[in-house]
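Report on the structure given below.
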């Protein structure tokens with residue numbers, strides 16, 4: 001029990017100060033029927049550091065490590081190289097083991113970092129402002145729909161078929177208690193995005209249109225006509241970015257007049273981590289700041305006139321008189337936001353653009369190579385670092401077979417849309433700077449064999 | 001004109017009366033640090049790419065190449081390391097000393113947890129990888145689930161909620177789904193005692209319920225008579241925090257649960273303070289239907305200046321059918337991931353998915369590491385030491401500060417004081433800021449709302465007696481000064497990186513992103 005510093009003489013002395021005979025006297029308010037007389041049955045006792053390390057290492061070995069095999073998975077989580085200094089810096093105890101900056105005078109490190117993060121995110125997304133992060137992209141997306149409802153006082157959200165199906169599921173879950181009506185569709189295996197259909201669906205009840213950019217199949221479309229159609233109908237355009245590295249190469253949604261832009265920041269600094277913790281990005285136009293969810297860091301001055309930073313506009317949060325709160329949020333992804341921000345600072349504008357270019361050029365080459373496999377068709381005309389192939393057979397068993405051969409080939413649309421037979425042959429393939437030309441060749445050769 | 005080495009000129013610290021101003025604005029090792037926007041440049045980068053790809057004319061970007069400047073400054077690696085290291089030094093953290101934030105619970109973060117979470121077998125695994133290739137990750141979830149269910153005496157656990165407050169939503173949604181299944185959608189009221197966490201009523205209101213307060217008794221607990229009298233066919237359930245935010249155990253929870261169940265409602269328990277009772281009490285034995293567990297609080301995952309958190313929710317048998325997706329199940333020797341409602345009849349009642357993937361895997365790894373390190377015996381000792389430390393603080397300070405509930409029985413994990421015996425014109429905030437000058441992070445202030453000028457101290461089980469004695473000495477000294485009317489407290493802190501910050505200005509004129517001073521002037 002190496003984490004518990006009290007010695008038995010300490011405990012005895014402290015009980016003496018308290019005036020209690022035994023520790024049990026401090027639990028007298030627990031009803032007799034609910035008191036356990038000893039450690040919970042059926043669970044092992046404490047273990048040494050060495051023993052725990054062995055146990056956890058054995059579990060870790062049962063997983064296939066992405067970096068050790070040809071790896072092509074994306075669909076909302078991406079494998080990028082993270083500079084060594086990122087993880088080193090976030091492990092500094094003063095960042096790692098700090099709490100929420102409730103006492104700003106002794107939390108300027110966290111607060112200044114969050115202010116820098118907010119600025120970086122706003123510039124990347126092309127929005128006026130951004131918050132200090134959300135849980136992840138999917139919850140940020142749902143919060144954006146809620147925000148649009150509060151702003152427009154309308155209750156119908158139109159979700160693009162190109163929106164990540166898990167994001168759609170989260171929105172559907174949350175709509176069960178907010179009462180929002182959601183209009184959803186599924187993507188089709190074509191080069192065409194559904195922008196025209198979305199424009200046609202907007203009406204006087206529409207609070208917002210939610211569109212992913214690049215979309216779940218990897219396609220990129222100009223959002224400007226959609227933004228114009230939304231605004232003509234007093235609805236908001238919400239853009240979702242699951243691969244922020246893309247914004248080093250393509251126009252930001254903010255530049256195309258999106259009102260709210262949310263994203264998954266995992267790509268920068270955070271790592272795959274089997275799905276979490278990740279970092280939700282959330283930016284919007286200035287005029288909607290007071291309806292924006294989540295934590296915000298703001299600049300101010302101290303009593304001596306020096307610049308400093310504080311958490312601000314928290315009256316939207318749980319701190320306000322209880323049921324008046326528009327949000328129950330009590331946390332952000334502070335440490336992941338730090339990782340994102342450090343990685344972004346190391347990249348800078350120059351590095352981000354280089355990284356984006358390498359991703360795009362590599363993906364274009366891989367798409368060309370894979371489309372040469374007999375029977376395989378490249379569905380997406382436009383893409384950043386992720387594209388969709390149409391196989392001559394169902395993709396899900398192909399992915400499994402390739403996994404047995406040590407190749408993680410991509411995400412089958414059959415896994416994401418189990419009920420859509422028309423999508424079963426689709427395979428989403430992601431290529432980043434971590435993908436080598438040999439990886440692509442290995443994948444292409446194995447795919448050809450499996451399909452033969 | 002004074003210029004520091006970064007080229008940025010910090011505002012001179014003139015006229016504070018504390019110390020003579022320095023040429024640079026720095027004070028010995030207390031360094032001012034400019035923003036990256038003031039020291040970085042668009043041409044600087046701290047990364048090298050072996051292959052400098054360029055987007056050529058044949059690109060696939062659909063004509064949407066980003067041609068305008070983004071405005072992202074870069075730093076070379078040494079500059080970046082120095083920038084963030086300097087910033088880190090302006091933070092208080094549990095590694096530096098006691099973090100006595102009541103109801104927030106900051107305890108020692110073992111580095112073994114960090115080491116294990118960074119094993120590539122956990123950190124470098126994709127959430128949509130074929131399940132055959134992620135058996136170890138699924139087994140971590142399965143093992144942690146087993147511990148959480150067993151320790152709480154409940155039936156099942158939903159692992160995906162991303163934080164405690166997200167867990168509250170999860171529990172409330174399960175209650176909503178259960179009521180819908182029974183056809184009782186008219187139950188629209190959630191009762192929330194005053195002694196509950198602030199997120200509880202926010203969550204219930206957010207979920208479309210009408211929130212009704214239940215008063216606290218003079219001894220800081222739920223008024224059981226008032227609560228049971230309010231039960232009826234319109235009540236969906238209660239949200240109760242136990243141990244509560246006054247640091248007290250809700251003695252009547254079983255009685256309350258029985259009454260709520262008899263009236264057709266459900267009991268949600270806020271389990272944020274589970275570290276005070278883990279291994280000594282199973283909430284399932286008290287009739288709880290759903291409870292979230294903040295992994296960073298009870299099982300020590302680092303909070304990193306505001307998160308990430310992780311808030312798994314345990315469920316009773318009654319609510320289990322409604323738990324959210326996904327589930328990890330063991331079928332034979334194989335772990336499977338159930339991601340769809342349609343996957344099986346026993347998941348048909350699930351209210352759906354709360355997050356894109358499987359929850360905070362990195363936090364699960366840390367929590368399981370911590371749990372295995374403690375074991376069943378150590379976790380029981382956790383509760384005992386947490387409670388012992390809190391009562392020691394309570395008894396040691398009750399002569400100096402007003403300990404409102406000192407007569408209400410032992411406190412659990414935290415001790416609460418009020419501002420009642422401070423001198424006229426002195427506030428809880430002054431005590432808090434005075435404590436900063438003594439080298440401690442202040443306790444939670446002005447919460448819970450049920451206590452005027454509340455000061456809520458939670459030492460946790462990872463503090464030694466020596467650390468507690470230091471803290472008690474410091475807080476006693478500050479309290480005595482506030483009782484004696486020492487005006488220097490009103491301007492504290494004097495020795496922190498910043499003196500008191502103007503939070504009103506920040507809210508009235510929000511500046512949320514950096515703007516170049518020249519541009520900002522031009523805009524005005």
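The values are calculated or read from the model by the stated rules, or taken from the named source; none is laboratory data. Note that the coordinates shown come from a computational prediction; the quantities given were computed from them, not determined experimentally. Please note: Cβ atoms are built from the backbone with ideal geometry, for glycine as well, and neighbour counts cover all protein chains shown.
Couple of notes before you dig in:
- Tally, over segment B:111-146, of residues that are under 30 Å from residue B:391 (Cβ atoms) and surrounded by fewer than 22 Cβ atoms within 10 Å (Cβ to Cβ): 2
- With respect to (1) facing another protein chain (nearest Cβ under 7 Å); (2) under 30 Å from residue B:242 (Cβ atoms); (3) surrounded by fewer than 20 Cβ atoms within 10 Å (Cβ to Cβ), the lone exception for residue B:77 is condition (2).
- The residues of segment B:206-224 that are within 12 Å of chain A (Cβ to nearest Cβ) and either more than 20 Å from residue B:412 (Cβ to Cβ) or without any contact (Cβ under 8 Å) to a residue 40 or more places away in the chain (or both), listed by number, are B:206, B:207, B:208, B:209, B:210, B:211, B:212, B:213.
- Evaluation of residue A:419 against (1) on the phi < 0 side of the Ramachandran plot; (2) in contact (Cβ under 8 Å) with a residue 24 or more places away in the chain (one fails), failing number: (2)
- Among the numbered conditions (1) at pLDDT 95 or above; (2) out of contact with any strand residue (DSSP E or B) (no Cβ under 8 Å at 6 or more places or on another chain); (3) part of a loop (DSSP other than H, G, I, E, B); (4) under 24 Å from residue B:389 (Cβ atoms), the only one that residue B:441 does not meet is (2).
- Single match in A:229, A:197, A:175 (criterion: in a helix (DSSP H, G or I), touching a strand residue (DSSP E or B) at 6+ places or on another chain (Cβ under 6 Å) and without any contact (Cβ under 8 Å) to a residue 60 or more places away in the chain): A:175
- Test result for residue A:161, in contact with a strand residue (DSSP E or B) (Cβ under 9 Å, 6 or more places away or on another chain) and at pLDDT 95 or above: no
- Members of segment B:286-310 that are on the phi > 0 side of the Ramachandran plot and at pLDDT 95 or above: B:287
- Residue B:126 being within 30 Å of residue B:439 (Cα to Cα) and either modelled with pLDDT of 95 or more or within 7 Å of chain A (Cβ to nearest Cβ) (or both): no
- The set of residues from segment B:142-198 being without any contact (Cβ under 8 Å) to a residue 24 or more places away in the chain, facing chain A (nearest Cβ under 9 Å) and under 19 Å from residue A:175 (Cα atoms) comprises just one member, B:180.
- Test for residue B:449: is it within 12 Å of another protein chain (Cβ to nearest Cβ), closer than 21 Å to residue B:271 by Cβ, surrounded by fewer than 24 Cβ atoms within 10 Å (Cβ to Cβ) and touching a helix residue (DSSP H, G or I) at 6+ places or on another chain (Cβ under 9 Å): yes
- Some residue of segment B:159-175 being surrounded by fewer than 24 Cβ atoms within 10 Å (Cβ to Cβ), in a loop (DSSP other than H, G, I, E, B) and touching a helix residue (DSSP H, G or I) at 6+ places or on another chain (Cβ under 9 Å): no
- Matching residues in segment A:85-106 - criterion: being farther than 24 Å from residue A:307 by Cβ and either in a helix (DSSP H, G or I) or more than 7 Å from every other protein chain (Cβ to nearest Cβ) (or both): A:85, A:86, A:87, A:88, A:90, A:93, A:96
- Which numbered condition residue B:456 misses (of (1) out of contact with any helix residue (DSSP H, G or I) (no Cβ under 7 Å at 6 or more places or on another chain); (2) over 16 Å from residue B:275 (Cβ atoms)): (2)
- Taken together, the criteria exclude residue B:423 from residues that are free of Cβ contacts under 8 Å to residues at least 40 places away in the same chain, surrounded by fewer than 24 Cβ atoms within 10 Å (Cβ to Cβ) and more than 8 Å from chain A (Cβ to nearest Cβ).
- Just so you know, in segment A:59-84 the residues that are more than 8 Å from chain B (Cβ to nearest Cβ) and farther than 21 Å from residue A:344 by Cα include one that is nearest to the chain's Cα centre (by Cα), and it is A:72.
- Selection within segment B:286-326 - assigned to a helix (DSSP H, G or I), more than 12 Å from chain A (Cβ to nearest Cβ) and over 23 Å from residue B:373 (Cβ atoms): B:320, B:321
- Of all residues in segment A:339-354, those being at the interface with another protein chain (Cβ under 7 Å from one of its Cβ atoms) and either surrounded by 22 or more Cβ atoms within 10 Å (Cβ to Cβ) or in contact (Cβ under 8 Å) with a residue 40 or more places away in the chain (or both) number 10.
- Scope segment B:463-497; condition outside any helix (DSSP H, G or I), more than 24 Å from the chain's Cα centre (by Cα) and without any contact (Cβ under 8 Å) to a residue 12 or more places away in the chain; matching residues: B:486
- Verdict on residue B:128 being part of a loop (DSSP other than H, G, I, E, B) and touching a helix residue (DSSP H, G or I) at 6+ places or on another chain (Cβ under 7 Å): yes
- All conditions but one from (1) within 12 Å of another protein chain (Cβ to nearest Cβ); (2) touching a residue at least 24 places away in the same chain (Cβ under 8 Å) apply to residue A:448; the one that does not is (1).
- Entry remark, segment A:32-58: residues being in a loop (DSSP other than H, G, I, E, B) and either within 7 Å of chain B (Cβ to nearest Cβ) or under 27 Å from residue B:128 (Cα atoms) (or both) number 8 in total.
- Of the residues making up segment A:178-185, at least one is surrounded by fewer than 23 Cβ atoms within 10 Å (Cβ to Cβ), within 14 Å of chain B (Cβ to nearest Cβ) and part of a helix (DSSP H, G or I).
- Test: residue in segment B:100-115 that is free of Cβ contacts under 8 Å to residues at least 12 places away in the same chain, facing chain A (nearest Cβ under 7 Å), touching a strand residue (DSSP E or B) at 6+ places or on another chain (Cβ under 9 Å) and part of a loop (DSSP other than H, G, I, E, B): no
- Among (1) more than 15 Å from residue A:292 (Cα to Cα); (2) within 14 Å of another protein chain (Cβ to nearest Cβ); (3) more than 16 Å from the chain's Cα centre (by Cα); (4) surrounded by 24 or more Cβ atoms within 10 Å (Cβ to Cβ), the one test that residue A:209 misses: (2)
- Conditions (1) within 30 Å of residue B:365 (Cβ to Cβ); (2) part of a loop (DSSP other than H, G, I, E, B); (3) more than 9 Å from chain B (Cβ to nearest Cβ): number failed by residue A:281: (2)
- Flag for residue B:382 being crowded, with 24+ Cβ neighbours inside 10 Å and in a strand (DSSP E or B): no
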